[in-house]
Amino acid sequence: MPKRIALDYDDRELRIVVANCSGSKVQVTDAQVIPIPENGSVSEKLRGYITSENLQKTETLVAIGRGKAELRELQLPPVPEDELPDMVRFQAIRSFASASERAIVDFLVTRRTNENHTLIAAAVAPAEMDKVRELCSTSELLPKRIALRPLTAASLYLRTQKQPSICVMIDLLTDDAEIVIARDGKVIFVRTVRLPSEERHRSGAIASELHRTMVACGETSTPDRIVVWGTSGVHAGDIAAIKNTINCEDVQAVNPFDLVGLQIDREALPEHVGRLAPLVGLLASDETAPETLIDFLNPRKKPEVEPDRVRRILMIAGPIAAVFLIGFFIYRQFAEWDRKITNATNEVNLLLPSSEAADESIARTETIDQFLDADVNWLDEIRRLAEKAPPSDKMIVRNISGTANIRGGGGTLRVVGAVTEPGVIDELEASLRDETHAVVGKGSQEQKDQDAYSWTFTESVAVSGETVRNTRYSRMTEQMLQAESETDAADTEPPAESAPADETPAEAESSEQETPENATESAEVQA
């Protein structure tokens, strides 16, 4: 999250709030109220803090009070939005005592009707702006906004809290009190008053000035809510005096740091947190609600309209540039395709020798596999027959022969036997038949002169070459995994002396798989 600094100052103290800001999220990382001794320098105090915290080149938001800017409420006839900045500036030069042609003017519309627009306009002299810029420059800060202080705290509260019809917000500074009155969530009046230097007279003066402010803005009714920026422990006397003078029951102290995120210990916050409310509000409104601020660094201006000459040039040059641009993209696309084709061709040429060698190896492997596909393990087939056949009191086997299919792979196990009844033959066929074995019977015949096994049968159990191959590879995989596990176990155990083997497992396996060259296409096993 980008870090930003909000600062405010007067002759007695420098106020700083540092926060990480991202969209609507504000996480305060530091808050300082630095006293300035008599004849002290604000610039030195600020530079010392920035240097100690290594905050150079940080975007900075500066709040300035009524002492540096002139404020007026103006009423203007309804005009289009783009004409309002020029009209406000013209009226400000005529109405403001200190405004000149070089004054920087910004405004905030508070009410719009069909008859007029009511707004708060503020003007600041260029010399004051230069002082703020110089203050930031000496500390290597980057000014982003220079906003009117009373409106920044009000923006924070009005955007984050549910508002009554009439709400008054009071910010108690060192020597001044800034009073902001809002109606239906919008600021309608701003006033700054001087407070007595003696603490015991301050509460009464605040209550009296609040009453005068309500009369000055034309609000004769009692406010629905009065907010004092700070904590109830610090401003208990002020809240009690306001309740007695204004007769408003909803008077509350609001800690500005409760309205934003906080990444520091609350015990580290200054005692008078209310004085930092404008800075917290300025940080919170910078990205999400800049329209609620009066910003002298970025004042509202009439939108600039390009001359017709530029428009005509664009109308002529636009199609030409579009043609060239389309041609350039087409050329670049074809060039990209050519590059990809060249790279692909080079990769193919590099892989051709390996591909040919792989094809040759695959062909050799397939030839060997075709030969080995006829190597049926008849012992496994006979064992399977013995396991799945009906018991001996129902069936006897008189002859077993196995025939290997040298050309197509696999083989056929021919079983000749006798059963006590024809149903046993069906049971035998059902038990031997599965996904890898096909069973074909030649029927049964009754032999009346025989013993209890009076029905003879002949069954052919066929095993495909694919089944033989799958079984072979499955067993090879099991042997490889077993060898790997034995190797891993040997690595973890101390070496033991053993006699060298005369024959490796691979050689034994190859010797078992060798078949004489003069092997016939069929072999019978008599049982």
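Could you please find all residues in segment 175-205 being more than 16 Å from Ile120 (Cβ to Cβ), of a type outside the set (Asp, Glu) and open to solvent by 20 Å² or more (accessible area, probe 1.4 Å)? Scanning segment 175-205 gives Arg194, Pro196, Ser197, Arg200, His201, Arg202, Ser203, Gly204, Ala205.
Within segment 18-38, restricting attention to residues that are more than 18 Å from Pro270 (Cβ to Cβ) and of a type in the set (Ser, Thr, Tyr), which residue is most open to solvent (accessible area, probe 1.4 Å)? Here the residue is Ser24.
I want to confirm something. Restricting to segment 211-231 and keeping residues that are hydroxyl-bearing (Ser, Thr, Tyr) and within 23 Å of Ser155 (Cβ to Cβ), which single residue is surrounded by the most Cβ atoms within 10 Å (Cβ to Cβ)? Even if it seems obvious, please write down each step before you answer.
The first filter runs over segment 211-231 and keeps only residues hydroxyl-bearing (Ser, Thr, Tyr), leaving 213, 220-222, 231.
Pick out the ones that are also within 23 Å of Ser155 (Cβ to Cβ) and you get 213, 231.
Values: Thr213: 21, Thr231: 18.
Taking the candidates together, the pick is Thr213.
The residues in segment 195-204 that are closer than 22 Å to Glu249 by Cβ and modelled with pLDDT of 80 or more can be counted, and the count is 1.
The criterion of being within 30 Å of Leu108 (Cα to Cα), among the aliphatic types (A, V, I, L, M) and surrounded by fewer than 18 Cβ atoms within 10 Å (Cβ to Cβ) holds for Ala289. Residues that are surrounded by fewer than 15 Cβ atoms within 10 Å (Cβ to Cβ) and not in a helix (DSSP H, G or I) within segment 383-395 comprise Pro391, Ser392, Asp393, listed in sequence order.
With the structure loaded, tell me whether Pro303 is at pLDDT below 90, over 30 Å from Ala147 (Cβ atoms) and surrounded by fewer than 17 Cβ atoms within 10 Å (Cβ to Cβ) or whether it fails that test.
Values: at pLDDT below 90: yes; over 30 Å from Ala147 (Cβ atoms): no; surrounded by fewer than 17 Cβ atoms within 10 Å (Cβ to Cβ): yes.
For Pro303, the condition - at pLDDT below 90, over 30 Å from Ala147 (Cβ atoms) and surrounded by fewer than 17 Cβ atoms within 10 Å (Cβ to Cβ) - is not met.
For the structure I just gave you, tell me whether Ser285 is modelled with pLDDT of 85 or more and within 36 Å of the chain's Cα centre (by Cα). The answer is yes for Ser285.
The residue list Ala519, Ala499, Ala490 contains one member that is open to solvent by less than 70 Å² (accessible area, probe 1.4 Å), part of a loop (DSSP other than H, G, I, E, B), modelled with pLDDT under 85 and out of contact with any Phe, Trp or Tyr (no Cβ under 9 Å at 6 or more places or on another chain), which is Ala519.
Only residues that are in contact (Cβ under 8 Å) with a residue 60 or more places away in the chain, closer than 14 Å to Arg407 by Cβ and open to solvent by 50 Å² or more (accessible area, probe 1.4 Å) were counted in segment 360-382, giving 3. How do the pairs read when you match residues in segment 127-152 that are in contact (Cβ under 8 Å) with a residue 60 or more places away in the chain with residues anywhere that are open to solvent by 10 Å² or more (accessible area, probe 1.4 Å) and part of a helix (DSSP H, G or I), using Cβ under 6 Å and keeping only pairs 6 or more apart or on different chains? Going by the 6 Å Cβ cut-off, the qualifying pairs are Leu135/Ser43; Thr138/Ser43; Thr138/Arg47; Ser139/Arg47.
Which of (1) among the charged types (D, E, K, R); (2) modelled with pLDDT under 85; (3) touching a helix residue (DSSP H, G or I) at 6+ places or on another chain (Cβ under 6 Å) does Arg191 not meet, given it meets every other one? So Arg191 meets the others, but not (2).
Summed over segment 200-254, residues that are out of contact with any strand residue (DSSP E or B) (no Cβ under 9 Å at 6 or more places or on another chain) and charged (D, E, K, R) total 2. The sole residue among Ile330, Ile382 that is more than 27 Å from Gly443 (Cα to Cα) and of a type in the set (Val, Ile, Thr) is Ile330.
Of the helices (runs of 4 or more DSSP H) contained entirely in segment 71-171, those carrying at least 1 residues that are crowded, with 19+ Cβ neighbours inside 10 Å and aromatic (Phe, Trp, Tyr) fall at 149-160.
I'd like to know if segment 188-207 contains one or more residues that are under 25 Å from Arg112 (Cα atoms) and acidic (Asp, Glu). Please lay out each step first, then the result.
First, pick out the residues of segment 188-207 that are under 25 Å from Arg112 (Cα atoms): 188-192.
Filter once more, so that each one left must be acidic (Asp, Glu): none.
No, segment 188-207 has no match at all.
Listed conditions (1) within 20 Å of Glu387 (Cβ to Cβ); (2) more than 51 Å from the chain's Cα centre (by Cα) are all met by Asp451, apart from (1).
Given the criteria modelled with pLDDT of 90 or more and touching a Ser or Thr at 6+ places or on another chain (Cβ under 6 Å), does Thr436 qualify? So that I can check it myself, show each step before the final result.
Working: modelled with pLDDT of 90 or more: no; touching a Ser or Thr at 6+ places or on another chain (Cβ under 6 Å): yes.
Against the criterion (modelled with pLDDT of 90 or more and touching a Ser or Thr at 6+ places or on another chain (Cβ under 6 Å)), Thr436 does not qualify.
Just checking, how many residues over segment 251-264 are open to solvent by 50 Å² or more (accessible area, probe 1.4 Å) and either touching a residue at least 12 places away in the same chain (Cβ under 8 Å) or closer than 26 Å to His201 by Cβ (or both)? Steps first, please.
Start the filter on segment 251-264 by keeping residues that are open to solvent by 50 Å² or more (accessible area, probe 1.4 Å), which leaves 252, 258, 263.
Pick out the ones that are also either touching a residue at least 12 places away in the same chain (Cβ under 8 Å) or closer than 26 Å to His201 by Cβ (or both) and you get 252, 263.
Total satisfying the criteria: 2.
Just one of (1) more than 19 Å from Asp8 (Cβ to Cβ); (2) touching a residue at least 60 places away in the same chain (Cβ under 8 Å) fails for Val109. It is (2).
For segment 1-17, which positions are closer than 16 Å to Lys144 by Cβ and buried (at least 19 other Cβ atoms within 10 Å of the Cβ)?
Start the filter on segment 1-17 by keeping residues that are closer than 16 Å to Lys144 by Cβ, which leaves 1-8, 16-17.
Within segment 1-17, Arg4, Ile5, Ala6, Leu7, Asp8, Ile16, Val17 qualify.
Within segment 398-456, track down each residue that is touching a residue at least 60 places away in the same chain (Cβ under 8 Å), in a loop (DSSP other than H, G, I, E, B) and either touching a Gly at 6+ places or on another chain (Cβ under 9 Å) or open to solvent by less than 60 Å² (accessible area, probe 1.4 Å) (or both).
Within segment 398-456, the first condition is being touching a residue at least 60 places away in the same chain (Cβ under 8 Å), and the residues that meet it are 399-407, 409.
Filter once more, keeping what is in a loop (DSSP other than H, G, I, E, B): 405-407, 409.
Asn405, Gly409 - these are the residues of segment 398-456 that are touching a residue at least 60 places away in the same chain (Cβ under 8 Å), in a loop (DSSP other than H, G, I, E, B) and either touching a Gly at 6+ places or on another chain (Cβ under 9 Å) or open to solvent by less than 60 Å² (accessible area, probe 1.4 Å) (or both).
The values are calculated or read from the model by the stated rules, or taken from the named source; none is laboratory data. Small disclaimer: the values here were computed from a predicted structure and weren't measured. Cβ coordinates were reconstructed from backbone atoms using ideal geometry, including for glycine residues, and neighbour counts include every protein chain displayed. Just the protein is used for accessible areas: all its heavy atoms, side chains included, with ligands, DNA and RNA removed. Shrake-Rupley method; radii C 1.70, N 1.55, O 1.52, S 1.80 Å.
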